[in-house]
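Structure first, then comments.
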Amino acid sequence: MISKDLIGTKNEAARVAHEDDYGSLGRQLARRGVEIETLTARAMAWSVAIPTWGVGTGGTRFARFPGLGEPRNIHDKLADCGVIQALTKGTRTVSPHIPWDKVSDYNALRQEAASYDLGFDAINSNTFQDQLDQEATYKFGSLAAADPKARALAVAHNIECIEIGKALGSGALTVWVGDGTNFPGQQSLGGMFRNYLEAMGEIYAALPPQMSMFIEHKMYEPAFYSTVISDWGSSLMAAQALGPQAKCLVDLGHHAPNTNIEQIVARLIHVGRLAGFHFNDSKYGDDDLDAGSVDPFRLFLVFNELVEAEGAKGFDPAYMIDQSHNVTDPIESLMGSAIEIARAYVQASLVDRKALAEAQAANDVLGAHRILKAAYLTDVSPILAEARVRQGGAHDPIATYRASGYRAEKAEERPMVKGASSGIV
């Protein structure tokens, strides 16, 4: 873990400049009628989940290049997630993936996570890969497959995930399937959707009352001609067919280029079916780039809808980062993304809602836009840093992490798995 003494030393070195920046921003915001302490409190309360697979090195459909000191198992993953939480203080939960993260004692795993100041977020099933000695293949689909044996196997796996989630204190099961077709005529498009709904109904029936089902859509890959749950409309149809515990998860990269994602968010909020988010960024498609690295304004606009909906009945979305780190240290990328996501949240909290509503009612188009841009263009970095420091985190998490030597230490402790393999981790 990262030494508290190191964090303290680095924070003290930045203290004078930080206090000046924080005070200056406070005075600037006061002139706009905003209390900086209110925003700092919101930043301190904010948290986004880290996926256990995110601390490993990702890959593409063509190759994967192992990283130094990458985690070998769930215990290593929790240690890495603990480092992120220790430095950012805004990643209080982890999201596990089964069967990658299976253990024999889930109560012990829950205690182990707690030792890193971590809890468990949504549990993720995996029916897009065949496991060793699997009785039926998912090559042609899982929950929507033509083969009833494959469907039954996928249902049983998801029900097992529900039981594991209950043991870990998770509040949701996330279901994503890559089911679809690559050739016209390969399968009945309507039949696959019916198979999916029937199988999901069996899983839904196994949910305890306190657990939600998050349905994740994706436009394409690995099925490139048709995908069973390809968009938010298909996801919403499935959720409404299953029941009130089923909701729609939004991954920022799972849409056609230039799609208005913030409008989708507003629609799902309107019908009370927004499950939450998988945050990442994209340039061309489902790139899984670091959140805020390409289009931070879009991230802000999504949070503008979320902040506006605060207080609505049943509004309690879940937030998780979902990225692939191919050329960076995953811990650094995840910390950077956690900071950028928190930045968008605090910036959206700066929007003058009353003035915006008045401008919208008066059809003051440019005036309304300028209100949003005023919030977006405000550098809230001092607020984010203050929130971290007050909770014992780092003023500059990435610089402190690099100074710690953690990655070099883990490179010695965790030998690299040699040889390239295709596929994303």
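Coordinate-derived values only; no laboratory data. Please read all numbers here as calculations on a predicted model, not as lab measurements. When we count neighbours, we look across all protein chains shown, and the Cβ atoms used for this are built from the backbone with ideal geometry, even at glycine.
Could you rank the peptides 21-28, 375-382, 84-91 by their average count of other C-beta atoms within 10 Å per residue, with the highest value first?
Numbers: 21-28: 14.9, 375-382: 18.1, 84-91: 25.8.
Ranking, from highest mean packing down: 84-91, 375-382, 21-28.
How much length would be gained if the chain were fully extended between R402 and R27, taking 0.36 nm per residue of separation minus their Cα-Cα distance, in nm to one decimal?
Using 0.36 nm per residue and subtracting the Cα-Cα distance, I get 131.7 nm.
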Charged-residue dipole, Cβ positions (Lys, Arg, Asp, Glu), the range 311-425 about Cα centre, Debye nearest 20: 100
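Treating the beta-carbon of each Lys and Arg as +1 and of each Asp and Glu as -1, no other charges, what is the dipole magnitude of the chain about its Cα centre, to the nearest 20 debye?
That gives the chain a dipole magnitude of about 380 debye.
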Work out the FRET efficiency for K354 and N107 from their Cβ-Cβ distance, taking R0 = 60 Å, and round it to the nearest 0.05. 0.75
Label M416 and E308 with points 7 Å out from Cα along Cα→Cβ: what is the distance between them in nm? 4.9
Over the Cα atoms of the chain, what Rg and Dmax result, in angstrom? 22.0, 67
What spacing in nm lies between the two simple spin-label points modelled at E221 and E37, each 7 Å away from Cα in the Cβ direction? 4.7
Can you find, among L372, G272, G185, the residue sitting farthest towards the positive end of the charge dipole of the chain, where Lys and Arg contribute +1 and Asp and Glu -1 at Cβ? L372
Go ahead and run the numbers for FRET between A63 and F128, Cβ-Cβ distance against an R0 of 25 Å, rounding to 0.05. 0.85
A correct Karplus calculation of ³J(HN,Hα) over the range 59-76, with 6.51 cos²θ - 1.76 cosθ + 1.60, θ = phi - 60°, whole Hz and x for Gly and Pro, returns x, 10, 5, 9, 6, 10, 10, x, x, 6, x, 6, x, 9, 7, 4, 5, 5
Between beta-carbons, use under 9 Å as the cut-off and find the net charge around W176, counting Lys and Arg +1, Asp and Glu -1. -1
Taking K and R as +1 and D and E as -1, what net charge do the other residues with C-beta under 11 Å from the C-beta of A241 add up to? 0
Enumerate the calculated ³J(HN,Hα) couplings along the range 360-376 in order (Karplus 6.51 cos²θ - 1.76 cosθ + 1.60, θ = phi - 60°), each rounded to whole Hz, writing x wherever the residue is Gly or Pro. 5, 5, 8, 6, 7, 4, 5, x, 5, 5, 5, 5, 5, 5, 4, 6, 5
Given the pairs K313/K354; K283/K313; K10/K410; K283/K373; K4/K283; K139/K166, which span a C-alpha to C-alpha distance of over 27 angstrom in this model? K283/K313; K4/K283; K139/K166
